[in-house]
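The values are calculated or read from the model by the stated rules, or taken from the named source; none is laboratory data. Small disclaimer: the values here were computed from a predicted structure and weren't measured. Using ideal geometry, Cβ is built from the backbone for each residue, glycine included, and neighbour counts are taken over all protein chains shown. Heads up: the accessible areas ignore ligands, DNA and RNA and are worked out on the full protein's heavy atoms, side chains in. Shrake-Rupley method; radii C 1.70, N 1.55, O 1.52, S 1.80 Å.
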Amino acid sequence: MLERLTQLPLRLRVFLFFAGLSVGGLVALGGGLWVGLTRVESAGVVSGFVTAGLVAGFGLLALSAWIWMLFDENVARAIERLSTALRARAHTDLDRALDPSHGQYLGDLAPAARAVTGTLAETKNALAEAVERETTRLAVENARLQALLADVPAGVILCAPDHQIVFYNGPARGILTKDRAPGLNRSLLDYLHAGPVKAAFARLSRDGATDAATDVLCACAQSGKMLAGRMRLVDLPQTGSGAPGYVLTLRDVTDELSLHAGREALLEEVFDRVRRPAANLQTVLAAGVAKDAKGRAALLSEVEHLAVAITELGARYDSARGQWWPMTSTGATELAEAIVAQAAQAGVHLTAHAADVRARVDVFQLVSLVVHLAERLVGRDQAGDMTLSIEEEPDGVLISLGWQGALVSVSELERWLAEPLDVGLADVTGRSVLAAHGSEAWPERASPDRGLLRIPLVTAWAGPEASQDVRRAVFDFDLMDRAPSGALAQTSLRALTCVVFDTETTGLLPSSGDEICQIAAVRLLGGRPVAGETFETLVDPGRPIPAAATEVHHITDADVRGAPPIETAARRFHDFADGAVLVAHNAPFDLEFLRRHETGIGRRFDHPVLDTVLLSAVVFGQTEVHTLDALCERLGIVIPSEVRHTAMGDTVATATALERLIPMLEAKGIRTFGEAVAAARRHARLLKDVNAPEHAPA
């Protein structure tokens, strides 16, 4: 019967709908009159009419309620589902076909909508293919740029005229701070002491030449590192203010300054300790008492003091010289490959083994030294089966050059080390290379017929370690021409800086002692995630994690052993989210756990907040299910099962949901933060609004 009904034309079904309503009303009225007439004889005319009216009224009321339920379920809610499904496909990348159950009683509307969305999907796919081709080309260019940036050892930062960061590369991330990486659309003055930066920018701005540059010496606001930099203006008239931005290149000179100060102090001590014995010797000799026994004793005493001073200071100079010589952080495998290759050119075959370890060395000189020793060994007695190993030691790295043959004497090794090396620098010998590395070389017997030469290296020479992420440059050049947004309530959703976050906990009741055991977050600019700007940490909850909680998020007591406590983790997260709008799915739950520790960390989580539960209700209606799984299902977001209920997995899903909800909100006329909060508050029955009063929309 229902299948036949769905096949009728929509206009005929609407006619039958109202015809049924009319017939039902007449039946209710007739039934009421009949009941009333049966009571006229026994209760009188008035009572009969009253009874007829009540029966007819209740009948009409029941009929209206039943008709309303049918209309609400099959027309009103069907139209609402159909419209939100259309918006989801119009404003997101969702290309799944419409659910056939949407609008099955709305005649040809649902098939027509499916046809429109199908055509739209085909058009989008064609456009996506064209965009993908162009994106691939840009990605290749971007990869080349990233490869070039990987060879730039200095930190490079591009800032707008108001000092907001627009671009930074990998070395800049490591130079500015270890605890908090730079963030796009954050002020550079949050990371560097403002005085030198502002003074340099003002100096260049006064000159007015866009190709002008100036040197800057400044310090990190948090770590206190000393940075040497160069600032150059960048002519960007599209910023609207007419003021140029600037590029700042930085390098960490903290260790260089420290080494320079140490070297100066050593030289000063050299002059001081040598000057006094020399002056005393001059006095003794000038007095002519050298022939006297006491005079000779005084003379020998001063000579002895001078010799001791020179010996001690020379040893200190040799031990520190390696720190002054320019070194690079080099992997043992790379070093071994270079030695084997250069030895092969000299006619020496080496079998090499290298551990996964790094050392700070002058690669060119050290390779030349090892090859020089290998050549001398081969020329000495045709040593065979030569091997090279570079192994990690408790206090550094040990290079071992082995061979089959007689052991080398210490005097012979000293002769080899005294010979000049062909490295393009005058007076460079094996001994000077060892001294520059603060090292030594000695022979050692491995077996009765096998010898070794050992060269130890220290891995921790002063200087910055190589960045682990030097190939990643983070940028958003649209920030250059983004006008100031003014009050937060009037800021468009796309202009917001958002931090989407999620927590995993030991349970659901913070008031009963449950605590956070993991926090994850990502930053969004322009409604899009910023590559490389993420936050994730396990947290020691200070209590056992129940098995029921572990079954959900798979975090065990062993996982959080040694993790930072909540005070440290929450403080780092607060730094990451500084100045941003917090976004979460069911934000009151996560914020309740964080706000309980505000006193302990000395920070307040009073950020403006958006909740994707409420935004989902704004877009899809309050009667729908608004769990994260349901929202992702409606928006075509796939959460891999292995990351569901992990802090970062749920964070990425929520961020993607927000990214797809923004254009749907805009299509409903909700374009600013204030309008979004006001619309969300109309669904307070689902969740309370956790925005502080100052973030309430006017």
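Take the Cβ-Cβ distance between S411 and A199 as r, set R0 to 45 Å, and report the resulting FRET efficiency rounded to the nearest 0.05.
The value I calculate is 0.15.
Ranking request for peptides 213-224, 642-653: highest mean number of other beta-carbon atoms within 10 Å first, then the rest in descending order.
The densest-packed peptide leads the list: 642-653, 213-224.
Report the extension gain between T135 and T214 in nm, rounded to one decimal, defined as 0.36 nm multiplied by the number of residues separating them, less their alpha carbon distance.
Between T135 and T214, full extension yields an extra 24.8 nm.
Modelled label-to-label distance, R561 and N74, 7 Å Cα→beta-carbon offset: nm?
6.4
Of all accessible surface on segment 513-612 at a 1.4 Å probe, what whole percent is carbon and sulfur?
Carbon-and-sulfur percentage of accessible area, whole number: 49.
Each label point is 7 Å from the Cα along the Cα-to-Cβ direction; what then is the distance between the points at T328 and A531, in nm?
Each label point lies 7 Å from its Cα, and together they span 2.6 nm.
Out of residues 5 or more away from T672 or on other chains, whose amide H comes under 5 Å of its own, with H placed 1.01 Å from N in the peptide plane?
Sorted by chain and number, the residues that satisfy this are L493.
Taking R0 as 30 Å, what's the FRET efficiency between I67 and W34 from their Cβ-Cβ distance, rounded to 0.05?
E(calc), rounded to 0.05, equals 0.85.
So, by mean Cβ neighbours within 10 angstrom, what's the order for 156-165, 607-616 with the highest one leading?
Packing proxy ranking, top to bottom: 607-616, 156-165.
Highest first, please rank the peptides 67-73, 397-403 by the mean number of other Cβ atoms sitting within 10 Å of their residues. Can you show the working numbers first?
Details: 67-73: 12.7, 397-403: 21.3.
Highest mean packing first, the order is 397-403, 67-73.
Round to the nearest 0.05 the FRET efficiency obtained for D578 and E392 when R0 = 41 Å and r is the Cβ-Cβ distance.
E between D578 and E392, to the nearest 0.05, is 0.55.
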